[in-house]
Number of protein chains: 2
Amino acid sequence: MSDVARAAGVSTMTVSNVVNDRPGVSAEVRRRVLRQLADSGYRMNVSARNLRSGHSGVIGLAVPGHDVPYFGSLAMHIAREADQRGYRVAVEQTGAQEAGEVAAIQFSRAMDYDGLILSIVGMDLEKLEVAPTFPIVLLGERENPTAADHVSMANREGSRAAVEHLREQGARRIAFIGGPDTPDQTIHSLRLGGYRSALEQAGLGVDPALLFDASEVTMESGRLAGHRLAREIRSARQEGRPAPDAAFAITDTVAFGALRGLADHGVTVPEDLLLVGFDDIPEAAFMVPALSSVAPDLAWTARRAVELLLERIGASGRPGGAESRQVREETIPWSLEVRESSTPVRSQQGSVPVPGAEHTEGSAMAEQDAFLVAQTPPSSSTSTGDAS
Amino acid sequence: MSDVARAAGVSTMTVSNVVNDRPGVSAEVRRRVLRQLADSGYRMNVSARNLRSGHSGVIGLAVPGHDVPYFGSLAMHIAREADQRGYRVAVEQTGAQEAGEVAAIQFSRAMDYDGLILSIVGMDLEKLEVAPTFPIVLLGERENPTAADHVSMANREGSRAAVEHLREQGARRIAFIGGPDTPDQTIHSLRLGGYRSALEQAGLGVDPALLFDASEVTMESGRLAGHRLAREIRSARQEGRPAPDAAFAITDTVAFGALRGLADHGVTVPEDLLLVGFDDIPEAAFMVPALSSVAPDLAWTARRAVELLLERIGASGRPGGAESRQVREETIPWSLEVRESSTPVRSQQGSVPVPGAEHTEGSAMAEQDAFLVAQTPPSSSTSTGDAS
DNA sequence: TTGTATGCGTTATCAT
DNA sequence: ATGATAACGCATACAA
């Protein structure tokens, strides 16, 4: 910058003013400086500016893994949202849910970010020893005991709606594919809670034989659970007892794996079994069969998360700043997307290579739409959440 | 740091030495400083350190979209690789392939990174006006005219192997699902080139009627292509001319969409049509049917990309640094993963809810393995690439 | 409208 | 083994 100043015959301060487009610079001088700026190929040293200004203009986003579709989709929305507010988003992965360690790493790593949006998955919130001065917004499970803002998923309500929907579709023995129940609030315990509450409302209890473990929340664990579920269906039918006729998977990713696992054993969805997932990842609508899913409003989530974080960043400078602000807790609006996987078929489609009806691109689109919004969600499953 | 120094009765320099674990500090003093460090809750100011050291310890990774599975997978590998070398990775999304603009944005944004790994998709490399002093490694298409290191996909070879494989499986009319041919090197033109070259080697030409557009490289565009392909199959059969019996999709994501589009019209894979994709995204093995795919070695890719970038970062300080180093061009090793989607079935599995054979978890695993490595890739499709 | 002095938190260098 | 000093590149405060 001093080079540019010398070449333009002004002081570095004037150059700084030009670069940052501040008023108080004559048009003539500005022109000269701009010219020099271009010629010299000058570029701001961001570190120096950060050092001086005390902020970096980037917010961090910590997700469990870059390769998890749900978080990929979330990251996209958050990046879009932050862009609009002049912030950059740097996405990091926490690797897994190794509570304390990962959280600590995340935190220390985030020190040069202005703030952090942290997706916690199955991690003990108590272990999150966040310095109360650092702006953080938590994303994820419900009922947050920490002193940090929190945008939370309606895990219980969403899961309940999914199971109620399955019952409305005629399902009588509904399996749960997910992790074990735990005292602390994890994705597993909460969504299992919703499953239980739907059953209890129908006057039923949870049959342990209908709980199929997929604690890892991966496609592979879903597949293995699918294998076990298929075997249970077979056994039940052979032994003449009622077989599972539906399943709620804790995650679309798990559901995807389960779909594969069931197929491995010749069990088809929705003919043999109805299936609903959670997250409504972009892939859900494209699976065969298209996967019904509890769909959190990701655009809303991204907007609120960024807004809350920016508010806290703004407050963290001023007296009685970040630490004293009241903690906010908001719940993500959601809906239930009903697709093929939970819609009992009237007549088997079969593998007919040549469809009977004529199809143009337009009619194909219409057909596709019919698949995507096959059915209006029941009233209990419409959007909810306090978008305060 | 000066607070800590004062409290510990030493100089800031000594504190710095302790913090950075440098030699030349007596055990006694180190203990005292460490204690103060802990008590005071001190944390390094990264901006200041960066200002002083001249580098940030962060490398950027620019991908088209956070929500593209292939790049999610890639990001995961790169993050792992960089971690091992003490670097952090910040992932940003370029939004799309808007050549010049996006590249410029990326570049300016990357200024406080030590370097950038840039995934270019369908973007004109010529438009990438990169300041030759900034360390960049390009990831993506082949034959790079820019003055930057480049780790490239074996687009032609991989595509050719896929199509050859389809022919070996008995396919006679192989469709291409992807974007249009262009003079410049895009993912479309290159993979189409491989498709063409495989056909020509078999003494055939490219039939324009077998080119199904999916230029957007999304699930949705794949689905629409699937619709058109299904209609072509129907028409051909009705009119008694040979129908497409296989397809090569430019990307697994497109293949996934195509699978859905075909299913919309009752066309099943592999019974009615064989299908191979490209990228071998994690989902490929879990699709029903499991998707055959050209599988680039992502771990290798990540390692080389990071290594090349770090070399260039290292050189950029020294005299005759980054700009003068010779540009490196390497090709990613790959293999062909053959799965169900390109394996003609002997006897139709059908939708039998109760499999005949007994299944334990173990035998289920065995069955799964059988699916995953259903067949050894032909010799022409084994790993290749100059891992120099 | 423009310039000067000063300091942000850290580390390299040189001295002790 | 430890400390004093200067400097990294910029922006705030104030003087001119």
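Any chance region B:22-34 includes a residue that's away from chain A (no Cβ under 14 Å), under 30 Å from B:GLY115 (Cα atoms) and part of a loop (DSSP other than H, G, I, E, B)?
Taking region B:22-34 as the starting set, the residues that turn out to be away from chain A (no Cβ under 14 Å) are B:22-34.
Next, from what is left, pick out any that are under 30 Å from B:GLY115 (Cα atoms): B:22-23.
With the extra rule that they be part of a loop (DSSP other than H, G, I, E, B), the set shrinks to B:22-23.
Taking every residue of region B:22-34 in turn, at least one turns out to be away from chain A (no Cβ under 14 Å), under 30 Å from B:GLY115 (Cα atoms) and part of a loop (DSSP other than H, G, I, E, B).
Quick check, is A:GLY277 at pLDDT 95 or above and part of a strand (DSSP E or B)? Spell out the reasoning first.
Values: at pLDDT 95 or above: yes; part of a strand (DSSP E or B): yes.
So A:GLY277 fits the description; yes.
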Exercise. Identify the single condition in (1) away from DNA strand D (no atom under 11 Å from the Cβ); (2) of a type in the set (Asp, Glu); (3) more than 44 Å from the chain's Cα centre (by Cα) that A:ASP3 does not satisfy, given that it satisfies every other one.
Key: (1)
Self-check item: Checklist (1) away from DNA strand C (no atom under 16 Å from the Cβ); (2) not aliphatic (A, V, I, L, M); (3) not in a helix (DSSP H, G or I) applied to A:SER56, failing item
Solution: (1)
Quiz item: Counting just the residues of region B:6-24 that are near DNA strand D (Cβ under 7 Å from one of its atoms) and surrounded by fewer than 18 Cβ atoms within 10 Å (Cβ to Cβ), which one comes out nearest to the chain's Cα centre (by Cα)?
Solution: B:PRO23
Quiz prompt | Number of positions in region A:15-34 that are among the basic types (Lys, Arg) and free of Cβ contacts under 8 Å to residues at least 12 places away in the same chain | solution = 2
Quiz item: Which residues, taken from region A:1-35, are more than 8 Å from DNA strand C (Cβ to nearest atom) and not aliphatic (A, V, I, L, M)?
Solution: A:SER2, A:ASP3, A:ARG6, A:SER16, A:ASN20, A:ASP21, A:ARG22, A:ARG31, A:ARG32, A:ARG35
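With the structure loaded, tell me whether A:SER159 is over 15 Å from A:ALA247 (Cα atoms) and not in a loop (DSSP other than H, G, I, E, B) or whether it fails that test. Full working, then the answer.
Details: over 15 Å from A:ALA247 (Cα atoms): no; not in a loop (DSSP other than H, G, I, E, B): yes.
When the stated conditions are applied, A:SER159 does not pass them.
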Quiz item: Can B:THR268 be described as among the β-branched types (Val, Ile, Thr), over 20 Å from the mean Cα position of the chain (by Cα) and either surrounded by fewer than 24 Cβ atoms within 10 Å (Cβ to Cβ) or closer than 18 Å to B:LEU166 by Cα (or both)?
Solution: yes
Exercise. Identify, by number, the condition in (1) more than 11 Å from DNA strand C (Cβ to nearest atom); (2) closer than 26 Å to B:ARG49 by Cβ; (3) surrounded by fewer than 16 Cβ atoms within 10 Å (Cβ to Cβ) that A:VAL46 doesn't meet.
Key: (3)
Quiz item: Given the residues A:GLY86, A:GLY54, A:GLY72, which is the only one that is on the phi > 0 side of the Ramachandran plot and either in contact with a His (Cβ under 7 Å, 6 or more places away or on another chain) or within 9 Å of chain B (Cβ to nearest Cβ) (or both)?
Solution: A:GLY54
Quiz item: Pick from region A:35-44 the residues that are free of Cβ contacts under 8 Å to residues at least 24 places away in the same chain and not in a helix (DSSP H, G or I): which of them is nearest to DNA strand D (Cβ to nearest atom)?
Solution: A:ARG43
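Could you grab me the full set of residues in region A:59-85 that are part of a loop (DSSP other than H, G, I, E, B), closer than 24 Å to B:ALA75 by Cα and over 16 Å from the mean Cα position of the chain (by Cα)?
Start the filter on region A:59-85 by keeping residues that are part of a loop (DSSP other than H, G, I, E, B), which leaves A:64-68, A:85.
Going one step further and asking which of them are closer than 24 Å to B:ALA75 by Cα, we end up with A:64-68.
Passing the criteria: none in range.
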Quiz prompt | Every residue from region B:285-322 that is over 18 Å from B:MET153 (Cβ atoms), modelled with pLDDT of 95 or more and part of a helix (DSSP H, G or I) | solution = B:ALA285, B:PHE286
Exercise. Check B:THR251 against each of (1) without any contact (Cβ under 8 Å) to a residue 40 or more places away in the chain; (2) more than 23 Å from A:GLY261 (Cα to Cα); (3) crowded, with 24+ Cβ neighbours inside 10 Å; (4) of a type outside the set (A, V, I, L, M) and name the one condition it does not meet.
Key: (1)
Quiz item: Can A:GLY72 be described as modelled with pLDDT of 65 or more and closer than 19 Å to B:SER47 by Cα?
Solution: no
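From the set of residues in region B:57-69 that are over 28 Å from A:ARG49 (Cα atoms) and more than 7 Å from chain A (Cβ to nearest Cβ), which is modelled with the highest pLDDT?
Narrowing region B:57-69 to residues over 28 Å from A:ARG49 (Cα atoms): B:64-69.
Now narrow it down to the ones that are more than 7 Å from chain A (Cβ to nearest Cβ): B:64, B:68.
Details: B:PRO64: 82, B:VAL68: 93.
By that ranking, first place goes to B:VAL68.
Where in region A:182-268 are there helices (runs of 4 or more DSSP H), lying wholly inside it, with at least 3 residues that are more than 14 Å from chain B (Cβ to nearest Cβ) and not hydrophobic (A, V, I, L, M, F, W, C)? Lay out the reasoning, then the answer.
Details: elements: A:187-201, A:219-239, A:252-264.
Those helices (runs of 4 or more DSSP H) span A:187-201.
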Quiz prompt | Residue among A:GLY95, A:GLY115 that is modelled with pLDDT of 60 or more and surrounded by fewer than 20 Cβ atoms within 10 Å (Cβ to Cβ) | solution = A:GLY95
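The values are calculated or read from the model by the stated rules, or taken from the named source; none is laboratory data. Computed from a predicted model, the values in this text were never measured in an experiment. FYI the Cβ positions are ideal-geometry reconstructions off the backbone, even for glycines, and counts take in every protein chain you see.
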